[in-house]
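I have placed the structure first, in the form of C-alpha coordinates, so that the comments after it can refer back to it.
The values are calculated or read from the model by the stated rules, or taken from the named source; none is laboratory data. Since the structure is predicted, the reported quantities are computational estimates derived from the model, not experimental observations. Here the Cβ positions follow ideal geometry from the backbone for every residue, glycine too, while neighbour counts run over all protein chains shown. Ligands, DNA and RNA are excluded from the accessible area calculation, which covers all protein heavy atoms including side chains. Shrake-Rupley method; radii C 1.70, N 1.55, O 1.52, S 1.80 Å.
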Amino acid sequence: MSDYTPLRAIPETAGYKPGDCLVLIGELFGRGYANGLIEEARRLGMTVIGTTVGRRDSDGTLRCLTPEELADAEALLGGGAIINVPLEAGFDMETPDGEPSVAERLKKVKPDEWESVSFDDEFISRARELGRVRFMANLARVMTELETLIPAGANVIFAHTMAGGIPRARVFMPLLNRVFKGSGDKYLPSAPFWQSGLGKLCDASFNEVTGDTLRHLITASAALRERLTAAGGRVAYTAYGYHGTGILRNGSFAWQSYTPYLQGYAKMLLEDHAKAARSQGINATVFNCPEILTNSSALFLGVEISLYPLLQAIRAEVDDGAAALETRCAALLADGATLAGLLEEANRYLTAPLITDALSFDTWPQHSTKEQMELMLATSNRLMEMHADQKQLVCAELSKVVFRATGHLMVQTAWSCAEPTLWLNHDIIARLAATRPEIIQP
Ligand SMILES: NC(=O)c1ccc[n+]([C@@H]2O[C@H](COP(=O)([O-])OP(=O)(O)OC[C@H]3O[C@@H](n4cnc5c(N)ncnc54)[C@H](O)[C@@H]3O)[C@@H](O)[C@H]2O)c1
(Lines give C-alpha, C1' and ligand atoms only; values in the text may rest on other atoms or scores of the structure.)
Protein backbone atom coordinates (compact mmCIF):
# COMPACT_ATOMS: atom_id res chain seq x y z
CA MET A 1 0.00 0.00 0.00
CA SER A 2 1.40 3.40 -1.02
CA ASP A 3 1.12 6.64 0.91
CA TYR A 4 -0.54 9.38 -1.10
CA THR A 5 2.40 11.66 -1.98
CA PRO A 6 1.43 14.38 -4.47
CA LEU A 7 4.18 16.57 -5.92
CA ARG A 8 3.47 19.84 -4.10
CA ALA A 9 6.13 22.20 -5.46
CA ILE A 10 7.54 22.92 -8.91
CA PRO A 11 10.95 21.19 -8.88
CA GLU A 12 14.18 23.17 -8.86
CA THR A 13 15.85 23.41 -12.27
CA ALA A 14 17.58 20.12 -13.02
CA GLY A 15 21.16 19.93 -14.21
CA TYR A 16 20.43 17.99 -17.42
CA LYS A 17 22.33 19.42 -20.40
CA PRO A 18 23.37 18.57 -23.95
CA GLY A 19 25.13 15.20 -24.04
CA ASP A 20 22.82 13.76 -21.36
CA CYS A 21 20.36 11.10 -22.52
CA LEU A 22 16.69 10.22 -22.24
CA VAL A 23 16.24 6.52 -23.00
CA LEU A 24 12.64 5.47 -23.64
CA ILE A 25 11.85 1.92 -22.59
CA GLY A 26 8.63 1.43 -24.55
CA GLU A 27 7.72 2.49 -28.07
CA LEU A 28 6.47 6.00 -28.73
CA PHE A 29 3.00 6.32 -30.27
CA GLY A 30 1.40 9.44 -31.74
CA ARG A 31 -0.63 10.72 -28.79
CA GLY A 32 1.35 8.89 -26.08
CA TYR A 33 2.38 10.32 -22.73
CA ALA A 34 6.09 9.93 -23.62
CA ASN A 35 5.79 12.83 -26.10
CA GLY A 36 5.98 15.15 -23.11
CA LEU A 37 9.24 13.62 -21.86
CA ILE A 38 10.73 13.99 -25.33
CA GLU A 39 9.68 17.65 -25.63
CA GLU A 40 11.28 18.45 -22.29
CA ALA A 41 14.46 16.47 -22.98
CA ARG A 42 14.86 18.20 -26.37
CA ARG A 43 14.30 21.61 -24.80
CA LEU A 44 17.27 20.87 -22.54
CA GLY A 45 19.38 19.65 -25.47
CA MET A 46 19.41 16.04 -24.25
CA THR A 47 19.81 13.16 -26.70
CA VAL A 48 16.67 11.06 -27.07
CA ILE A 49 17.13 7.33 -27.66
CA GLY A 50 14.05 5.27 -28.50
CA THR A 51 13.21 1.59 -28.40
CA THR A 52 10.55 -0.51 -30.08
CA VAL A 53 8.11 -3.13 -28.93
CA GLY A 54 8.85 -4.98 -32.23
CA ARG A 55 6.25 -6.49 -34.52
CA ARG A 56 4.70 -9.94 -34.89
CA ASP A 57 4.69 -11.61 -38.32
CA SER A 58 1.50 -13.40 -39.39
CA ASP A 59 2.99 -16.69 -38.15
CA GLY A 60 3.48 -15.09 -34.71
CA THR A 61 7.26 -14.59 -34.91
CA LEU A 62 8.46 -11.54 -32.97
CA ARG A 63 10.79 -9.43 -35.11
CA CYS A 64 12.61 -6.10 -35.33
CA LEU A 65 11.21 -3.23 -37.39
CA THR A 66 11.72 -3.29 -41.17
CA PRO A 67 13.76 -0.36 -42.59
CA GLU A 68 10.49 1.44 -43.51
CA GLU A 69 8.92 0.84 -40.08
CA LEU A 70 12.14 2.00 -38.44
CA ALA A 71 12.22 5.18 -40.54
CA ASP A 72 8.56 5.90 -39.60
CA ALA A 73 9.23 5.25 -35.90
CA GLU A 74 12.33 7.47 -35.93
CA ALA A 75 10.39 10.23 -37.70
CA LEU A 76 7.73 10.02 -34.96
CA LEU A 77 10.47 10.32 -32.37
CA GLY A 78 11.52 13.54 -34.11
CA GLY A 79 14.72 12.24 -35.62
CA GLY A 80 16.30 10.42 -32.68
CA ALA A 81 17.80 6.94 -33.00
CA ILE A 82 15.76 3.86 -32.16
CA ILE A 83 17.48 0.71 -30.96
CA ASN A 84 15.88 -1.87 -33.22
CA VAL A 85 15.50 -4.78 -30.81
CA PRO A 86 11.95 -6.01 -30.09
CA LEU A 87 11.14 -5.20 -26.47
CA GLU A 88 7.75 -6.85 -26.34
CA ALA A 89 7.03 -8.16 -22.85
CA GLY A 90 4.49 -10.77 -21.80
CA PHE A 91 3.91 -14.43 -22.46
CA ASP A 92 0.69 -14.90 -24.45
CA MET A 93 2.53 -16.21 -27.53
CA GLU A 94 5.03 -18.43 -25.70
CA THR A 95 4.97 -22.19 -26.33
CA PRO A 96 6.72 -23.85 -23.36
CA ASP A 97 7.99 -27.33 -24.34
CA GLY A 98 6.18 -26.95 -27.66
CA GLU A 99 2.74 -26.76 -26.01
CA PRO A 100 0.16 -24.43 -27.63
CA SER A 101 0.42 -20.82 -26.44
CA VAL A 102 -2.21 -18.96 -24.42
CA ALA A 103 -3.25 -17.13 -27.61
CA GLU A 104 -3.56 -20.44 -29.51
CA ARG A 105 -5.62 -22.04 -26.73
CA LEU A 106 -8.01 -19.11 -26.68
CA LYS A 107 -8.54 -19.02 -30.44
CA LYS A 108 -11.74 -21.08 -30.44
CA VAL A 109 -13.24 -19.71 -27.23
CA LYS A 110 -16.47 -17.78 -27.82
CA PRO A 111 -17.34 -14.73 -25.72
CA ASP A 112 -20.28 -16.50 -24.02
CA GLU A 113 -17.97 -19.33 -22.88
CA TRP A 114 -15.67 -17.01 -20.91
CA GLU A 115 -16.59 -18.40 -17.48
CA SER A 116 -15.56 -21.95 -18.38
CA VAL A 117 -11.97 -21.14 -19.41
CA SER A 118 -9.13 -21.79 -17.00
CA PHE A 119 -5.38 -22.22 -17.18
CA ASP A 120 -3.11 -24.49 -15.24
CA ASP A 121 -0.91 -22.32 -12.95
CA GLU A 122 2.10 -24.45 -13.75
CA PHE A 123 1.67 -23.87 -17.51
CA ILE A 124 1.28 -20.11 -16.96
CA SER A 125 4.44 -19.96 -14.85
CA ARG A 126 6.44 -21.82 -17.54
CA ALA A 127 5.07 -19.52 -20.28
CA ARG A 128 5.78 -16.50 -18.09
CA GLU A 129 9.34 -17.64 -17.51
CA LEU A 130 9.92 -18.09 -21.26
CA GLY A 131 8.56 -14.61 -21.99
CA ARG A 132 10.76 -13.17 -19.26
CA VAL A 133 13.89 -14.90 -20.61
CA ARG A 134 13.19 -13.52 -24.10
CA PHE A 135 12.52 -10.02 -22.76
CA MET A 136 15.68 -10.05 -20.61
CA ALA A 137 17.80 -11.30 -23.53
CA ASN A 138 16.47 -8.48 -25.70
CA LEU A 139 16.96 -5.92 -22.92
CA ALA A 140 20.59 -7.10 -22.65
CA ARG A 141 21.02 -6.39 -26.39
CA VAL A 142 19.54 -2.92 -25.87
CA MET A 143 22.03 -2.29 -23.02
CA THR A 144 24.94 -3.36 -25.24
CA GLU A 145 23.88 -0.79 -27.85
CA LEU A 146 23.40 1.86 -25.18
CA GLU A 147 27.00 1.33 -24.03
CA THR A 148 28.12 2.70 -27.41
CA LEU A 149 25.47 5.45 -27.66
CA ILE A 150 25.77 7.04 -24.20
CA PRO A 151 28.92 9.09 -23.56
CA ALA A 152 30.92 8.24 -20.43
CA GLY A 153 29.79 10.29 -17.46
CA ALA A 154 26.52 11.41 -19.08
CA ASN A 155 23.43 11.83 -16.94
CA VAL A 156 20.73 9.41 -18.04
CA ILE A 157 17.01 9.02 -17.50
CA PHE A 158 15.59 5.58 -18.26
CA ALA A 159 11.92 6.29 -18.89
CA HIS A 160 9.68 3.25 -18.55
CA THR A 161 6.48 3.75 -20.56
CA MET A 162 5.23 0.18 -20.90
CA ALA A 163 1.73 -0.85 -19.97
CA GLY A 164 -0.56 -3.46 -21.43
CA GLY A 165 -0.78 -7.21 -21.57
CA ILE A 166 -4.28 -7.98 -22.81
CA PRO A 167 -3.67 -11.46 -24.26
CA ARG A 168 -4.04 -11.54 -28.03
CA ALA A 169 -7.26 -13.50 -28.46
CA ARG A 170 -10.48 -12.42 -30.11
CA VAL A 171 -12.53 -13.38 -27.06
CA PHE A 172 -11.18 -10.44 -25.06
CA MET A 173 -12.45 -7.52 -27.11
CA PRO A 174 -16.21 -8.14 -26.72
CA LEU A 175 -15.67 -9.19 -23.13
CA LEU A 176 -13.58 -6.18 -22.13
CA ASN A 177 -15.94 -3.87 -24.00
CA ARG A 178 -18.68 -5.21 -21.71
CA VAL A 179 -16.49 -4.72 -18.61
CA PHE A 180 -15.28 -1.20 -19.52
CA LYS A 181 -18.12 0.19 -21.64
CA GLY A 182 -21.13 -2.06 -21.01
CA SER A 183 -24.48 -0.76 -19.77
CA GLY A 184 -27.94 -2.39 -19.58
CA ASP A 185 -27.82 -6.06 -20.66
CA LYS A 186 -24.28 -5.59 -21.93
CA TYR A 187 -22.90 -4.66 -18.50
CA LEU A 188 -20.46 -7.22 -17.09
CA PRO A 189 -19.34 -6.53 -13.50
CA SER A 190 -15.58 -6.43 -13.19
CA ALA A 191 -15.37 -8.56 -10.00
CA PRO A 192 -16.58 -11.91 -11.42
CA PHE A 193 -14.57 -11.28 -14.58
CA TRP A 194 -11.43 -10.61 -12.52
CA GLN A 195 -11.98 -13.76 -10.42
CA SER A 196 -12.51 -15.96 -13.51
CA GLY A 197 -9.78 -17.96 -15.27
CA LEU A 198 -9.54 -15.27 -17.95
CA GLY A 199 -9.32 -12.56 -15.27
CA LYS A 200 -6.50 -14.41 -13.52
CA LEU A 201 -4.72 -14.73 -16.85
CA CYS A 202 -5.06 -10.95 -17.38
CA ASP A 203 -3.78 -10.32 -13.86
CA ALA A 204 -0.60 -12.34 -14.54
CA SER A 205 -0.13 -10.74 -17.94
CA PHE A 206 -0.69 -7.15 -16.72
CA ASN A 207 1.72 -7.76 -13.84
CA GLU A 208 4.36 -8.96 -16.25
CA VAL A 209 3.99 -6.18 -18.86
CA THR A 210 2.96 -3.18 -16.76
CA GLY A 211 4.74 -3.98 -13.49
CA ASP A 212 7.64 -6.40 -13.73
CA THR A 213 9.24 -4.77 -16.78
CA LEU A 214 10.42 -1.94 -14.52
CA ARG A 215 12.21 -4.42 -12.25
CA HIS A 216 13.71 -6.14 -15.32
CA LEU A 217 14.90 -2.77 -16.63
CA ILE A 218 16.57 -1.90 -13.33
CA THR A 219 18.26 -5.32 -13.21
CA ALA A 220 19.37 -5.32 -16.85
CA SER A 221 20.87 -1.84 -16.65
CA ALA A 222 22.89 -2.47 -13.45
CA ALA A 223 26.31 -2.69 -15.13
CA LEU A 224 25.67 0.36 -17.32
CA ARG A 225 24.33 2.28 -14.31
CA GLU A 226 27.47 1.49 -12.33
CA ARG A 227 29.76 2.57 -15.17
CA LEU A 228 27.88 5.83 -15.68
CA THR A 229 27.79 6.72 -12.00
CA ALA A 230 31.44 5.75 -11.52
CA ALA A 231 32.26 8.30 -14.25
CA GLY A 232 30.27 11.01 -12.45
CA GLY A 233 26.90 10.68 -14.20
CA ARG A 234 23.49 10.50 -12.52
CA VAL A 235 21.11 7.71 -13.45
CA ALA A 236 17.37 8.00 -12.81
CA TYR A 237 14.44 5.73 -13.62
CA THR A 238 11.00 7.17 -14.22
CA ALA A 239 7.80 5.22 -14.84
CA TYR A 240 4.24 6.26 -15.61
CA GLY A 241 1.78 5.07 -13.03
CA TYR A 242 -1.90 5.61 -12.41
CA HIS A 243 -3.36 5.55 -8.91
CA GLY A 244 -6.14 8.14 -9.08
CA THR A 245 -5.62 11.89 -9.53
CA GLY A 246 -6.18 15.03 -7.50
CA ILE A 247 -8.63 17.24 -9.40
CA LEU A 248 -10.89 20.22 -8.72
CA ARG A 249 -14.34 19.17 -7.49
CA ASN A 250 -16.82 21.71 -6.22
CA GLY A 251 -13.98 24.22 -6.08
CA SER A 252 -11.39 22.28 -4.06
CA PHE A 253 -8.77 19.69 -4.95
CA ALA A 254 -9.51 16.10 -4.02
CA TRP A 255 -8.27 12.64 -5.00
CA GLN A 256 -10.59 10.72 -7.32
CA SER A 257 -10.46 7.73 -9.62
CA TYR A 258 -12.82 5.53 -11.64
CA THR A 259 -13.91 1.91 -11.74
CA PRO A 260 -12.99 -0.60 -12.89
CA TYR A 261 -9.28 0.09 -13.35
CA LEU A 262 -8.12 -3.49 -13.60
CA GLN A 263 -4.53 -2.48 -14.40
CA GLY A 264 -4.45 -0.96 -10.91
CA TYR A 265 -3.02 -4.11 -9.30
CA ALA A 266 -0.13 -4.11 -11.80
CA LYS A 267 0.38 -0.37 -11.25
CA MET A 268 0.75 -1.00 -7.52
CA LEU A 269 3.30 -3.71 -8.32
CA LEU A 270 5.13 -1.09 -10.41
CA GLU A 271 5.17 1.17 -7.32
CA ASP A 272 6.53 -1.74 -5.24
CA HIS A 273 9.40 -2.19 -7.72
CA ALA A 274 10.30 1.52 -7.40
CA LYS A 275 10.24 1.17 -3.59
CA ALA A 276 12.51 -1.90 -3.75
CA ALA A 277 14.94 -0.03 -6.02
CA ARG A 278 14.96 2.96 -3.65
CA SER A 279 15.85 0.66 -0.75
CA GLN A 280 19.01 -0.22 -2.72
CA GLY A 281 19.87 3.43 -3.28
CA ILE A 282 18.60 3.55 -6.87
CA ASN A 283 16.78 6.71 -8.00
CA ALA A 284 13.49 5.24 -9.32
CA THR A 285 10.12 6.97 -9.22
CA VAL A 286 6.67 6.04 -10.40
CA PHE A 287 4.89 9.25 -11.42
CA ASN A 288 1.16 8.71 -11.06
CA CYS A 289 -0.36 10.71 -13.88
CA PRO A 290 -3.84 11.97 -14.77
CA GLU A 291 -6.28 10.28 -17.13
CA ILE A 292 -5.73 11.48 -20.71
CA LEU A 293 -6.66 10.34 -24.22
CA THR A 294 -3.99 8.11 -25.81
CA ASN A 295 -3.97 4.90 -27.88
CA SER A 296 -3.94 2.94 -24.61
CA SER A 297 -6.93 4.71 -23.08
CA ALA A 298 -9.10 4.29 -26.22
CA LEU A 299 -10.54 1.05 -24.79
CA PHE A 300 -12.14 3.00 -21.95
CA LEU A 301 -15.01 5.45 -21.94
CA GLY A 302 -15.72 7.88 -19.13
CA VAL A 303 -12.22 7.96 -17.66
CA GLU A 304 -11.72 11.25 -19.49
CA ILE A 305 -14.47 13.04 -17.49
CA SER A 306 -11.98 13.96 -14.75
CA LEU A 307 -9.87 15.83 -17.31
CA TYR A 308 -12.43 18.62 -17.91
CA PRO A 309 -11.91 20.39 -14.54
CA LEU A 310 -8.26 20.91 -15.48
CA LEU A 311 -9.63 23.94 -17.35
CA GLN A 312 -10.83 25.42 -14.06
CA ALA A 313 -7.54 24.61 -12.32
CA ILE A 314 -5.65 26.41 -15.09
CA ARG A 315 -8.04 29.36 -14.98
CA ALA A 316 -7.33 29.71 -11.26
CA GLU A 317 -3.56 29.83 -11.83
CA VAL A 318 -2.94 31.39 -15.26
CA ASP A 319 -4.33 34.69 -16.50
CA ASP A 320 -4.04 35.48 -20.22
CA GLY A 321 -3.02 32.04 -21.47
CA ALA A 322 -6.03 30.43 -19.85
CA ALA A 323 -8.35 32.62 -21.90
CA ALA A 324 -6.63 31.51 -25.12
CA LEU A 325 -6.89 27.83 -24.12
CA GLU A 326 -10.56 28.30 -23.23
CA THR A 327 -11.25 30.01 -26.56
CA ARG A 328 -9.64 27.05 -28.37
CA CYS A 329 -11.70 24.58 -26.35
CA ALA A 330 -14.94 26.56 -26.76
CA ALA A 331 -14.41 26.55 -30.54
CA LEU A 332 -14.72 22.75 -30.46
CA LEU A 333 -18.23 22.81 -28.99
CA ALA A 334 -21.52 22.29 -30.81
CA ASP A 335 -23.92 25.18 -31.38
CA GLY A 336 -25.60 26.05 -28.12
CA ALA A 337 -23.05 24.24 -25.92
CA THR A 338 -20.83 26.27 -23.59
CA LEU A 339 -17.72 25.54 -21.57
CA ALA A 340 -19.64 26.45 -18.42
CA GLY A 341 -22.26 23.81 -19.29
CA LEU A 342 -19.56 21.25 -20.03
CA LEU A 343 -17.82 21.86 -16.70
CA GLU A 344 -21.10 21.74 -14.78
CA GLU A 345 -21.97 18.39 -16.33
CA ALA A 346 -18.51 16.98 -15.50
CA ASN A 347 -18.68 18.34 -11.93
CA ARG A 348 -22.15 16.86 -11.40
CA TYR A 349 -20.76 13.41 -12.19
CA LEU A 350 -17.51 13.87 -10.25
CA THR A 351 -19.35 14.93 -7.09
CA ALA A 352 -22.23 12.44 -7.32
CA PRO A 353 -22.34 10.34 -4.11
CA LEU A 354 -22.80 7.24 -6.29
CA ILE A 355 -19.29 7.89 -7.64
CA THR A 356 -17.49 9.42 -4.65
CA ASP A 357 -18.84 6.88 -2.13
CA ALA A 358 -17.67 3.98 -4.30
CA LEU A 359 -14.05 5.14 -4.35
CA SER A 360 -11.44 5.11 -1.64
CA PHE A 361 -7.68 5.53 -1.86
CA ASP A 362 -7.02 2.88 0.81
CA THR A 363 -8.89 0.09 -0.95
CA TRP A 364 -8.22 1.16 -4.54
CA PRO A 365 -8.76 -0.19 -7.19
CA GLN A 366 -12.50 -0.75 -6.74
CA HIS A 367 -14.69 -3.00 -8.88
CA SER A 368 -17.57 -1.60 -10.88
CA THR A 369 -21.26 -1.47 -10.11
CA LYS A 370 -23.93 -1.22 -12.79
CA GLU A 371 -25.44 2.07 -11.59
CA GLN A 372 -22.07 3.75 -11.34
CA MET A 373 -20.93 2.50 -14.77
CA GLU A 374 -24.19 3.67 -16.33
CA LEU A 375 -23.82 7.14 -14.83
CA MET A 376 -20.22 7.34 -16.05
CA LEU A 377 -21.05 6.22 -19.59
CA ALA A 378 -24.14 8.42 -19.90
CA THR A 379 -22.19 11.46 -18.65
CA SER A 380 -19.34 10.72 -21.04
CA ASN A 381 -21.84 10.49 -23.92
CA ARG A 382 -23.56 13.74 -22.96
CA LEU A 383 -20.18 15.51 -22.82
CA MET A 384 -19.21 14.06 -26.21
CA GLU A 385 -22.51 15.27 -27.67
CA MET A 386 -21.66 18.81 -26.61
CA HIS A 387 -18.85 18.76 -29.20
CA ALA A 388 -19.28 19.87 -32.83
CA ASP A 389 -17.17 16.94 -34.04
CA GLN A 390 -16.56 13.94 -31.80
CA LYS A 391 -13.14 13.51 -33.37
CA GLN A 392 -12.04 16.99 -32.19
CA LEU A 393 -12.34 16.89 -28.43
CA VAL A 394 -11.70 19.33 -25.62
CA CYS A 395 -10.08 16.38 -23.82
CA ALA A 396 -7.59 15.94 -26.67
CA GLU A 397 -6.57 19.58 -26.23
CA LEU A 398 -6.26 19.07 -22.46
CA SER A 399 -4.38 15.77 -22.91
CA LYS A 400 -1.68 17.69 -24.74
CA VAL A 401 -1.38 20.10 -21.81
CA VAL A 402 -1.09 17.16 -19.40
CA PHE A 403 1.51 15.16 -21.31
CA ARG A 404 3.65 18.27 -21.78
CA ALA A 405 3.39 19.29 -18.13
CA THR A 406 4.05 15.79 -16.78
CA GLY A 407 7.02 15.42 -19.14
CA HIS A 408 8.50 18.63 -17.77
CA LEU A 409 7.83 17.69 -14.14
CA MET A 410 9.17 14.14 -14.53
CA VAL A 411 12.45 15.20 -16.15
CA GLN A 412 13.03 18.05 -13.71
CA THR A 413 12.09 15.97 -10.66
CA ALA A 414 14.14 12.92 -11.72
CA TRP A 415 17.40 14.84 -11.25
CA SER A 416 17.34 14.57 -7.46
CA CYS A 417 14.17 12.79 -6.45
CA ALA A 418 13.90 10.88 -3.18
CA GLU A 419 10.37 9.48 -3.52
CA PRO A 420 9.38 6.11 -4.99
CA THR A 421 5.94 7.45 -5.94
CA LEU A 422 4.69 10.93 -6.78
CA TRP A 423 1.25 12.05 -7.95
CA LEU A 424 1.22 14.70 -10.67
CA ASN A 425 -2.19 16.20 -9.97
CA HIS A 426 -4.13 18.95 -11.72
CA ASP A 427 -2.99 21.60 -9.21
CA ILE A 428 0.73 21.20 -9.94
CA ILE A 429 0.04 21.00 -13.67
CA ALA A 430 -1.89 24.28 -13.54
CA ARG A 431 0.83 25.92 -11.44
CA LEU A 432 3.45 24.82 -13.95
CA ALA A 433 1.36 26.32 -16.77
CA ALA A 434 1.59 29.67 -14.97
CA THR A 435 5.39 29.60 -15.17
CA ARG A 436 5.74 27.77 -18.51
CA PRO A 437 2.90 29.21 -20.65
CA GLU A 438 4.02 27.28 -23.76
CA ILE A 439 2.55 24.19 -22.08
CA ILE A 440 -0.97 25.46 -22.77
CA GLN A 441 -0.26 26.80 -26.24
CA PRO A 442 -1.48 24.87 -29.32
N1 LIG B 1 -3.56 7.34 -20.87
C2 LIG B 1 -3.77 7.54 -19.59
O3 LIG B 1 -4.84 8.03 -19.18
C4 LIG B 1 -2.71 7.19 -18.59
C5 LIG B 1 -2.84 7.69 -17.27
C6 LIG B 1 -1.81 7.44 -16.36
C7 LIG B 1 -0.72 6.67 -16.75
N8 LIG B 1 -0.65 6.19 -18.03
C9 LIG B 1 0.53 5.37 -18.37
O10 LIG B 1 1.35 6.04 -19.31
C11 LIG B 1 2.18 5.08 -19.96
C12 LIG B 1 2.14 5.34 -21.44
O13 LIG B 1 0.82 5.05 -21.91
P14 LIG B 1 0.02 5.95 -22.92
O15 LIG B 1 -1.33 6.18 -22.33
O16 LIG B 1 0.83 7.09 -23.35
O17 LIG B 1 -0.27 4.98 -24.13
P18 LIG B 1 0.64 4.43 -25.34
O19 LIG B 1 -0.25 3.43 -25.98
O20 LIG B 1 1.16 5.53 -26.14
O21 LIG B 1 1.85 3.71 -24.60
C22 LIG B 1 1.79 2.38 -24.13
C23 LIG B 1 3.20 1.83 -24.09
O24 LIG B 1 3.17 0.46 -23.67
C25 LIG B 1 3.97 -0.31 -24.55
N26 LIG B 1 3.46 -1.68 -24.58
C27 LIG B 1 2.20 -2.11 -24.77
N28 LIG B 1 2.16 -3.46 -24.73
C29 LIG B 1 3.43 -3.88 -24.50
C30 LIG B 1 4.05 -5.14 -24.36
N31 LIG B 1 3.35 -6.29 -24.44
N32 LIG B 1 5.38 -5.18 -24.14
C33 LIG B 1 6.11 -4.05 -24.05
N34 LIG B 1 5.57 -2.82 -24.18
C35 LIG B 1 4.26 -2.74 -24.39
C36 LIG B 1 3.87 0.41 -25.88
O37 LIG B 1 4.95 0.07 -26.71
C38 LIG B 1 3.91 1.86 -25.42
O39 LIG B 1 5.24 2.26 -25.18
C40 LIG B 1 1.62 3.72 -19.55
O41 LIG B 1 2.40 3.20 -18.50
C42 LIG B 1 0.24 4.05 -19.04
O43 LIG B 1 -0.28 3.10 -18.14
C44 LIG B 1 -1.59 6.45 -18.95
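For this structure, a couple of remarks:
- Taking label positions 7 Å along the Cα-Cβ direction at both ASP72 and VAL133, the computed distance is 3.3 nm, reported to one decimal.
- Rounded, prolate or oblate (a/c below 1.5 giving rounded, otherwise prolate when a/b exceeds b/c) for the range 352-401 by Cα gyration tensor: oblate
- Rolling a 1.4 Å probe over the protein heavy atoms gives the range 264-332 an accessible area of 34 Å² per residue.
- Quotient of C-alpha Rg and 2.2 N^0.38 Å, computed over the range 201-254: 1.75
- Seen from GLU419, the other residues with C-beta closer than 13 Å to its C-beta sum to a net charge of +1, counting Lys and Arg as +1 and Asp and Glu as -1.
- For the range 315-410, radius of gyration divided by Kirkwood radius, i.e. Rg to Rh on alpha-carbons: 1.02
- Overall form of the range 1-107 per C-alpha gyration tensor (a/c, 1.5; a/b vs b/c): oblate
- Note on the chain: Cα convex hull, mean projected area over all directions, 20.9 nm².
- Remark: for residue pairs LYS186/LYS275; LYS108/LYS275; LYS107/LYS181; LYS107/LYS186; LYS107/LYS391; LYS108/LYS200, the C-alpha separation exceeds 30 Å in LYS186/LYS275; LYS108/LYS275; LYS107/LYS391.
- Accessible heavy-atom area order of PHE91, PHE29, highest first, probe of 1.4 Å: PHE29, PHE91
- Segments 100-113, 426-439, 154-167 sorted - mean Cβ within 10 Å per residue, highest first: 154-167, 426-439, 100-113
- Theoretical gain in end-to-end length, THR327 to ASP389 [0.36 nm per residue, Cα-Cα removed]: 20.7 nm
- With helices as the sole contributors, the chain gives -13500 deg cm²/dmol at 222 nm; each DSSP H run of n ≥ 4 counts as -39500 (n - 2.57), and the sum is divided by every residue.
- Highest mobility in the GNM of the chain, judged by mean-square fluctuation with C-alpha springs under 10 Å and restricted to ALA266, ALA334, ALA236, is found for ALA334.
- Mean Cα-pair separation over length for the chain, i.e. relative contact order, pairs under 8 Å, 6 or more apart, %: 22
- Here the spin labels are modelled as points 7 Å beyond Cα on the Cα-Cβ line, and at ARG8 and GLU371 they lie 3.7 nm apart.
- In the range 124-189, one over the average inverse separation of all distinct C-alpha pairs is 16.0 Å, which is the Kirkwood hydrodynamic radius.
- Taking all protein chains into account, the per residue accessible area for the range 1-46 stands at 45 Å² (1.4 Å probe).
- When peptides 302-309, 201-208 are sorted by average Cβ neighbour count within 10 Å, with the highest value leading, the order is 302-309, 201-208.
- Carbon and sulfur %, accessible surface of the chain computed with the full protein complex present, 1.4 Å: 52
- Globularity index of the range 210-337 is 1.39 (Cα radius of gyration / 2.2 N^0.38 Å, N = number of residues).
- Rg to Rh, two decimals, where the range 54-194 supplies the alpha carbon set and Rh follows Kirkwood: 1.05
- Anisotropy class of the range 269-374 from Cα gyration tensor, a/c 1.5 cut: oblate
- Whole-angstrom gap from the range 211-279 to the range 17-45, using each part's C-alpha centre: 17
- Inter-probe distance in nm under a simple model that places probes 7 Å from Cα toward Cβ, at GLU226 and ALA152: 1.7
- Equivalent ellipsoid dimensions for the range 392-442 as semi-axes, Å, which come from the Cα gyration tensor, largest first: 22, 12, 9
- Converting the Cα gyration tensor eigenvalues of the range 99-142 into ellipsoid dimensions via √(5λ) gives semi-axes, longest first, of 28, 12, 8 Å.
- Taking amide hydrogens as placed 1.01 Å from N in the peptide plane, the amide H of GLU27 sits under 5 Å from those of VAL53, each at least 5 positions away in sequence or on another chain.
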